[in-house]
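What follows is calculated from the coordinates using simple rules that are stated; it is not laboratory data. Just so you know, these numbers come straight off a predicted model, no measurement behind them. Don't worry about glycine lacking a Cβ; one is built from the backbone with ideal geometry, like all the others, and counts go over all protein chains shown.
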Amino acid sequence: MRRAVPFALIENGQELQLSSSRETLATALRDVGVRLGPGDQVQPTLDTELTAGLEVHVEHAAQVVVTLPEGKEILYSLAETVGEALAEGGVQLPPDYRLDPPAETPVAPGMAIHVIGISEEQVQEMERIESHTVYQPDSSLAWGESRVVSGQDGVLYRQYRVVYENSQAVSQELVDEWYDPEPMDTVIYYSMADAPPPPPLDIPDGLQAVGVLRVYATWYNAASAGRSPSDPSYGITATGVPVARGIVAVDPSVIPLGTRLYIPGYGYAVAADTGGGIRGNMIDLGYPDGVVSDWLSQWVDIYILGP
């Protein structure tokens, strides 16, 4: 016969006074209902002989689930904080990472810990920039002269720093941008000199003309006017009529709107539109969308028709 002896059990900081007739600490704890699991800590060891007045300390490990970029792990830990639990469990962490919850968070049973791998890369984008044709006056040019400075399309490069968390992009920062080559508009310089006295009118037979004017004539259509097809004003001229063959854009200070014209190689027309680049002795010959222009930009004598 073995008589029961008293002993103190301190379980997760809570003290109980118990007694048992078992010979070892392991059997005594089983008798009093203490269940031990993975990671639990018992002092003294379980094979210690149970003696009167023995003080037994039991600390139960908390089960936590650790989610890593490559999978999940289950830890049983006595650590106080998330960071200590991961270090105690020998968890292999990525070179750069963040923890959710943070490393200083106290460990609680059933806690989910996410180890989020962080990486970054440099990403380069390329955008083609189209050049345009612009018209500018040149006071050094004589009447009727013009000169062209050819431009070129450009390429815009953008360098981004992209940050990933577990292979998912979470941020993008522009770190540099440059042109190679830089876009340059083609510039057509035209004369602003006064026209020489007009020669005697040389008017084709059957043409009711009241004057002849030498102009630099280009061409345009609705698509080249700079508006989107979804714009309600797409293809509509300054006078409210649609762009079509026979509609000409002019500088109203030189050719008043409404003036009827005859342009050799183009035909009869009316001055019904204006344009930002149309200044002085320049006109822009209208064409409907979808029609291939048969006009080459050039100096030409046009005829001002009578009423």
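Quick notes
- Estimated vicinal HN-Hα couplings, Hz - region 88-102 in sequence order (Karplus 6.51, -1.76, 1.60; Gly, Pro = x): 5, x, x, 5, 7, 9, x, x, 10, 7, 9, 10, 9, x, x
- For the pair VAL155 and GLU121, a Förster radius of 25 Å applied to the C-beta separation gives a FRET efficiency near 0.70, rounded to the nearest 0.05.
- For region 156-307, the alpha-carbon radius of gyration amounts to 1.53 times the rule-of-thumb value 2.2 N^0.38 Å expected for a compact globular protein.
- The residue among LEU36, ALA87, MET126 whose Cα reaches farthest toward the positive pole of the charge dipole of the chain, with charges on the beta-carbon of Lys, Arg, Asp and Glu, is MET126.
- Put simply, the convex hull of the Cα atoms in region 5-59 casts, on average, a shadow of 3.2 nm².
- The chain: antiparallel DSSP beta bridges as a percent of all, rounded to 5: 75 percent
- Based on the Kirkwood approach, the hydrodynamic radius assigned to the chain is 28.4 Å, with every pair of different Cα atoms included.
- Environment charge of SER233, counting only residues whose C-beta is closer than 14 Å and scoring Lys/Arg +1, Asp/Glu -1: -1
- Relative contact order (percent, whole number), the chain, Cα cutoff 8 Å, 6+ residue spacing: 12 percent
- Across region 17-34, computed HN-Hα scalar couplings (Karplus, 6.51 cos²θ - 1.76 cosθ + 1.60, θ = phi - 60°) run 9, 10, 8, 7, 9, 5, 7, 10, 5, 4, 5, 5, 5, 5, 5, 8, x, 7 Hz from first to last residue, x flagging Gly and Pro.
- Karplus-derived HN-Hα couplings along region 109-124 (A = 6.51, B = -1.76, C = 1.60, θ = phi - 60°), whole Hz, x at Gly and Pro: x, x, 5, 9, 10, 10, 9, 9, x, 10, 9, 8, 8, 9, 10, 10
- The residues neighbouring ALA4, those whose beta-carbon lies less than 13 Å from its own, together hold a net charge of +1 under the Lys/Arg +1, Asp/Glu -1 convention.
- Peptides 1-8, 217-224 ranked from most to least packed, by the mean per-residue count of other Cβ atoms within 10 Å: 217-224, 1-8.
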